[in-house]
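Reading through the structure tokens given below for one structure.
The values are calculated or read from the model by the stated rules, or taken from the named source; none is laboratory data. It should be emphasised that the depicted structure is a prediction, and the values quoted were computed from it without experimental measurement. With ideal geometry, Cβ positions are generated from the backbone for all residues, glycine too; neighbour counts draw on all protein chains shown.
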Amino acid sequence: MNAFSRRGACPALSAPMQTGDGLLVRLNPVAGGLSPKSLIGLGESALRHGNGIMEVTARGSLQIRGLTPASARLLAVEVNTMGIAVRTGVPVETGPLAGLDPEEVADPRPLAEQIRAAIEEAGLTQRLGPKVSVIIDGGGQLAMDVMTADVRLIATRTNAGIRWQVSVAGDGQNAKPLVTVGDDAARDIAVAMLRMVAEKGREAHARDLTERQLKSLASWRSTAPPSVLPDISPTRGEIG
């Protein structure tokens, strides 16, 4: 375990980050929530192994503070024993009411799972920096406008049905809009963009992409731009 991951990285359970009050870990449950029993157990673990402070981040993750290198390892064991599966890899985030909000334009969870799988298949997790992220906002009562991300997908209603507005590098106010497309194209454009970021190194973000690269993504229609087709399609072929 790397108990002293650099500041600015994402302090996951397997990579705690040093802070002023000890080590900090951040957990994002795969289930999207915790049962009362699991939450109580996690709180008891935080009290046993940390300073008892457990916080909810703006993105819906849980932070446990005041850990030591030894107690962080014990915490990880207990989280596993409780059967709390936590996400790893590139953050692909949905709102806290995803799939539950009756005012939601679309449930973002299926698209999020497709993008997570495509990222893993493309081998991008180790090539991207720890702060690179994707936000998929299904709309509804709790918008994700205040959160910044490299890739933003926002559900919108059109005459052709539900589509996803793809934008890059920013929050809901200043991200650069690219194109509005269906589910499959939204997935493939998101992965294409992340691949382009990865090519620039682990310190890169979507804001570092060139205008030419952004235009190639914005021009996406029924097939991928010819220059990147072999690389960015998760199915290794043309996208219909």
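Observations on the structure shown:
- Helices (runs of 4 or more DSSP H) wholly inside the range 142-240 that include at least 3 residues being surrounded by 21 or more Cβ atoms within 10 Å (Cβ to Cβ), small (Gly, Ala, Ser) and at pLDDT 90 or above: 183-199
- Candidate set from the range 1-18 (those that are in contact with a Lys or Arg (Cβ under 7 Å, 6 or more places away or on another chain) and part of a strand (DSSP E or B)); member that is modelled with the lowest pLDDT: Ala12
- Cβ pairs under 6 Å, 6+ apart, first in the range 102-125 and in contact (Cβ under 8 Å) with a residue 24 or more places away in the chain and within 24 Å of Gly139 (Cα to Cα), second in a helix (DSSP H, G or I) and among the hydrophobic types (A, V, I, L, M, F, W, C): Ile115/Ala190; Ala118/Val191
- Total residues in the range 100-125, condition buried (at least 17 other Cβ atoms within 10 Å of the Cβ), of a type outside the set (D, E, K, R) and more than 17 Å from Val90 (Cβ to Cβ): 2
- Residues being in a strand (DSSP E or B) and touching a Ser or Thr at 6+ places or on another chain (Cβ under 7 Å) - total across the range 79-128: 1
- Of all the listed residues (Pro16, Pro96), the sole one being surrounded by 16 or more Cβ atoms within 10 Å (Cβ to Cβ), touching a Leu at 6+ places or on another chain (Cβ under 9 Å) and either in the same structural domain as Arg127 (by TED's automatic domain parsing) or without any contact (Cβ under 8 Å) to a residue 60 or more places away in the chain (or both) is Pro16.
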